[in-house]
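The values are calculated or read from the model by the stated rules, or taken from the named source; none is laboratory data. Keep in mind that this is a model prediction, so the values were computed, not measured. In this analysis, Cβ positions are derived from the backbone assuming ideal geometry, glycine residues included, and neighbour counts consider all displayed protein chains. With ligands, DNA and RNA removed, areas are computed over all heavy atoms of the protein, side chains included. Shrake-Rupley method; radii C 1.70, N 1.55, O 1.52, S 1.80 Å.
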Amino acid sequence: MESLVSVIPSVTMSTSTDVSLSSYDEDQGSKLIRKAREAPFVPIGMAGFAAIVGYGLYRLKSRGNTKMSVHLIHMRVAAQGFVVGAMTLGMGYSMYKEFWAKPKP
């Protein structure tokens, strides 16, 4: 009968340290700024979402005879619509930069 150790193949762990750790050295603020430069419409969408939610919460007291659930649904749809619109504009902008604004070689 073979021993269990000889049946199971040995697993070796790689100990190489050639992985760049520069992404771990970055703090949250500089990472957010770098990401905002790469995709400028993402922070615009986030800011619009926050603004619409803030305005909806501000208008919550003066909603009249509108039900709370209807008011919250309208607020959610408006906020999501703003984010989807910002993402669509961002994709259109990046496609323009990549395909049409590039100089032809």
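Report whether or not Ile8 is aliphatic (A, V, I, L, M) and modelled with pLDDT of 85 or more.
no
Give the residue that is nearest to Glu98 (Cα to Cα), with candidates limited to residues of region 26-42 that are of a type in the set (D, E, K, R) and part of a helix (DSSP H, G or I).
Among those residues, the one meeting the criterion is Glu38.
Among all residue pairs at least 6 apart or on different chains, which show Cβ distances below 7 Å where the first residue, located in region 32-45, is more than 18 Å from Met95 (Cα to Cα) and without any contact (Cβ under 8 Å) to a residue 24 or more places away in the chain and the second is of a type in the set (A, V, I, L, M) and surrounded by fewer than 16 Cβ atoms within 10 Å (Cβ to Cβ)?
If the second residue must be of a type in the set (A, V, I, L, M) and surrounded by fewer than 16 Cβ atoms within 10 Å (Cβ to Cβ), the pairs left are Pro43/Ala36.
Residue by residue, here is whether (1) at pLDDT 90 or above; (2) out of contact with any helix residue (DSSP H, G or I) (no Cβ under 9 Å at 6 or more places or on another chain); (3) open to solvent by 70 Å² or more (accessible area, probe 1.4 Å); (4) not aromatic (Phe, Trp, Tyr) holds:
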| residue | (1), (2), (3), (4) |
| --- | --- |
| Ile52 | yes, no, no, yes |
| Tyr58 | yes, yes, yes, no |
| Gly64 | no, yes, no, yes |
| Met68 | yes, yes, yes, yes |
| His74 | yes, no, yes, yes |
| Ala78 | yes, no, no, yes |
| Thr88 | yes, no, yes, yes |
| Lys97 | no, yes, yes, yes |
| Pro105 | no, yes, yes, yes |
